[in-house]
Amino acid sequence: MAEALRVGIAGLGTVGASVACVLNEKAAELTRQCGRDIVVTAVSARDPKRDRGVDLSAAKWFDDAAQMAERADIDVFVELIGGDEGPARASVKAALEAGRHVVTANKALLAKHGVQLAEIAEKRGVLLNYEAAVAGGIPVIKTMREAMAGNQVTRVFGILNGTCNYILTRMEAEGISFDACLKDAQRLGYAEADPTFDIEGHDTAHKLSILTSLAFGTRIAANDIYMEGISNITQADIRAAAELGYRIKLLGVAQRTDSGIEQRVHPTMVPTASVIAQVHGVTNAVAIETDILGELLLSGPGAGGNATASAVVGDIADIAKSRPGFQHGPVFGWPAKELKPYKKAQMRSHAGGYFIRLTVHDRIGVFAAIAKRMADNDISLESIVQQAAGPEIEAQKTVILVTHETTEAAVRKAVEGVTKDGHLTDKPQVIRIERAE
Ligand code: HSE
């Protein structure tokens, strides 16, 4: 049997402890699958004394992750520290430069420094595996990088944040408040340390930027993503969506267009009958459209210790199975040095349907004025519905418009016009509609 694969784990929070547990509990199965033992020989974390529910006494303890990363007596450095700078970046860079394979779950680090780190890995001939960085336990990186060779991707989109999907699902199913749902997500260990990262779309954007690079062979451009979170979504939107045959999901979408690549993260109306609309709770889903395959949808657990640990252990096992000369290709699917510059499509030219919810004074001419603003901007309406704004506000009405395909620029102009007309009593709400099978 080949020599044991020696693993050093940096970061022993929820995910790190789960990885150590799985490697321990599944040692016999992993040895049979990989043809060699996988042994945790080194660990690094802040508090050596904390009970993590797993025996790590045989592993050498390091206070400094970067020092552990460079050790000649580990083969794989597993980075589960988090953060896009500091010890995470320093230790991953040190490990790659020292010729160690790296496994990381760190989407923020890859979104910011992924291309540079991939260049080092490819130059040193080592693997940089990051399955857990996008959509938790779903093997989307392997699928896009290895199983879809030769396919030309036209669009990739998905539910990439378990916390947001959990919140939206419970708001719809139970009619309860955003804040109550967020508290539960935090209690269950889904949310990031700073939950604004989840709910304002940053976490989704980091993951999307990695998928965009894999899909289109472009350099990662995490700062060029249009982003809106879910904190503006109200029960009124959720109810209106349901009445119109839609469900609201926070999607990350990357799409090839005539003017470049669109990368956007925002609350989205998807048809209730579509497959992605059936993805509930903390579950993630990624849809990939290509010229050869058509549309593929992967769904599964996207957050939490076990889901993430499953992906990390899969990455470690891939390294255990790899032999010099038989490693699986470039980090982002194309050699890092050959990734193309990212050509951004302007959000104003985004084409699609829109949901517009307006709260207006209940008086003569308001409806006609709204319709005129839409017509003046060449917006064709699929439906227009007027409802009472709520029992307590008799003098107001809610007007809900659903447009046929139009552009972002036209909708913004029309809504600005309606606002200027002085008929609104509250901020207008605009939610994009996404085509989904
Ligand atoms: N906070 C993330 C989520 C965890 O809610 O999906 C996985 O990245």
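Rule-based calculations on the coordinates, nothing more; no lab input. Nothing here was measured: the structure is a model prediction, and the numbers come from that model. Cβ coordinates were reconstructed from backbone atoms using ideal geometry, including for glycine residues, and neighbour counts include every protein chain displayed.
Once the convex hull of all Cα atoms in region 354-433 is built, its volume per residue stands at 80 Å³. Straight-line cross-link partners of Lys413 among the lysines, defined as a Cα under 17 Å from its Cα and at least 8 positions apart when in the same chain: Lys372, Lys427.
Applying a threshold of 24 Å to the alpha-carbon distances of Lys49/Lys207; Lys142/Lys337; Lys207/Lys344 flags Lys49/Lys207 as lying beyond it.
The slack in the chain from Ala147 to Asp84, taken as 0.36 nm per residue of separation less the alpha-carbon distance, amounts to 19.8 nm. Over region 279-437, Cα pairs under 8 Å with separation of 6+ residues give a relative contact order of 24 percent. The alpha carbon radius of gyration of the chain, expressed as a multiple of 2.2 N^0.38 Å, is 1.08.
Using R0 = 30 Å, the C-beta based FRET efficiency linking Ala371 and Ser259 works out to 0.50. Under the combined filter of DSSP loop state and at most 16 neighbouring Cβ atoms within 10 Å, region 354-384 retains these trypsin sites (Lys or Arg not before Pro): Arg363.
The slack between Ser231 and Ala351, meaning 0.36 nm per residue of separation minus the straight C-alpha distance, is 40.8 nm. Could you check the spin-label model distance between Asp224 and Asp291? Points 7 Å from the Cα along Cα→Cβ, value in nm. The answer from the label model is 2.2 nm.
State, as an integer percentage, the relative contact order of the chain based on alpha-carbon contacts under 8 Å between residues 6 or more apart. The normalised contact order for the chain reaches 16 percent.
Separation of region 362-378 and region 151-212, taken as the distance between their Cα centroids, equals 35 angstrom. Tell me, what is the percent relative contact order of region 191-340, built from C-alpha pairs under 8 Å that lie six or more residues apart? After rounding, I find 20 percent.
If I model a spin label at Asp47 and Leu188 as a point 7 Å from the Cα along the Cα→Cβ vector, what separation in nanometres do I get? So the two model labels end up 2.5 nm from each other. The charge dipole of the chain, taken about its Cα centre with unit charges on the Cβ of Lys, Arg, Asp and Glu (plus for the first two, minus for the last two), comes to roughly 600 debye. Multiplying the residue separation of Ala72 and Thr419 by 0.36 nm and removing their Cα-Cα distance gives an extension gain of 118.4 nm. Modelled this way, with points 7 Å down the Cα-to-C-beta line, the labels at Asn306 and Lys26 are 1.2 nm from one another. Taking region 186-261, which trypsin sites (Lys or Arg not before Pro) meet the DSSP loop condition and have no more than 11 other C-beta atoms within 10 Å? Loop-located and lightly packed - none at all.
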